[in-house]
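The values are calculated or read from the model by the stated rules, or taken from the named source; none is laboratory data. These figures come from a predicted structure and were not determined experimentally. With ideal geometry, Cβ positions are generated from the backbone for all residues, glycine too; neighbour counts draw on all protein chains shown.
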Amino acid sequence: MNPVSDLIKTLADQYGRNRHNLLPILQGVVEQETYLSEFSMIEIARELDMPASEVYGTATFYSFLEYKKMGKYIIRICKTITCSMKEKNQILLAIEDMLKITVGETTPDGTFSLLQTNCLGFCHKAPAMLINNDVYTELTPEKVREILTQYLNKRKEGGQNGN
């Protein structure tokens, strides 16, 4: 059996096999695989006995459900007016310069993906970013470099799969 199929079966066992549990199952796949492949969406549809088009429609509606392969660490930069007024572009430039990628790209080693997203809910502490589930606020270019260095060190300490 395929590991993704096994994961989907496990999630369906955990949440239940009906369309009301689609979102937590999608989230569970993304947590484990970093994205929803076409195969995983078809498998979810089969497991929940629903049209694959509905699974795809739901998956592509939500911005935190990626449907292309992402890096181990997904950096999401808030793109709202508040963050922009607090020099979000300087933060973005610092990340792009350090990682040598632009928005929408993943580093060649698969460690980081860089995305912009709508409001993270931290306008009072702008600019803000999210790395996987970790929130960082009141960013400066220097602070961002320190944060990314910590993630790079995690990768080096843990080998290729780093923790």
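Can you pull out every residue in region 8-20 that is assigned to a helix (DSSP H, G or I) and at pLDDT below 95?
Those that are assigned to a helix (DSSP H, G or I) and at pLDDT below 95: 19, 20.
Restricting the search to region 24-44, which residues are outside any helix (DSSP H, G or I) and in contact with an Asp or Glu (Cβ under 8 Å, 6 or more places away or on another chain)?
Selection gives 34, 35, 36.
Restricting to region 135-151, name every residue that is touching a residue at least 12 places away in the same chain (Cβ under 8 Å) and within 16 Å of residue 72 (Cβ to Cβ).
147, 148, 151
List the residue pairs whose Cβ atoms are under 9 Å apart, where the first residue sits in region 19-43 and is over 18 Å from residue 106 (Cβ atoms), the second is hydroxyl-bearing (Ser, Thr, Tyr) and loosely packed, with under 14 Cβ neighbours inside 10 Å, and the two are 6 or more positions apart or on different chains.
Partner pairs satisfying both residue conditions: 23/62; 26/62; 27/62; 28/10.
Can you run down the residue pairs with Cβ atoms below 7 Å, 6 or more apart or on separate chains, where the first is in region 1-14 and within 11 Å of residue 40 (Cα to Cα) and the partner is of a type in the set (Phe, Trp, Tyr)?
Filtered contacts from region 1-14: 4/39.
Could you run through region 10-64 and say how many residues are polar (S, T, N, Q), within 15 Å of the chain's Cα centre (by Cα), at negative phi and surrounded by 17 or more Cβ atoms within 10 Å (Cβ to Cβ)?
Number of matching residues: 0.
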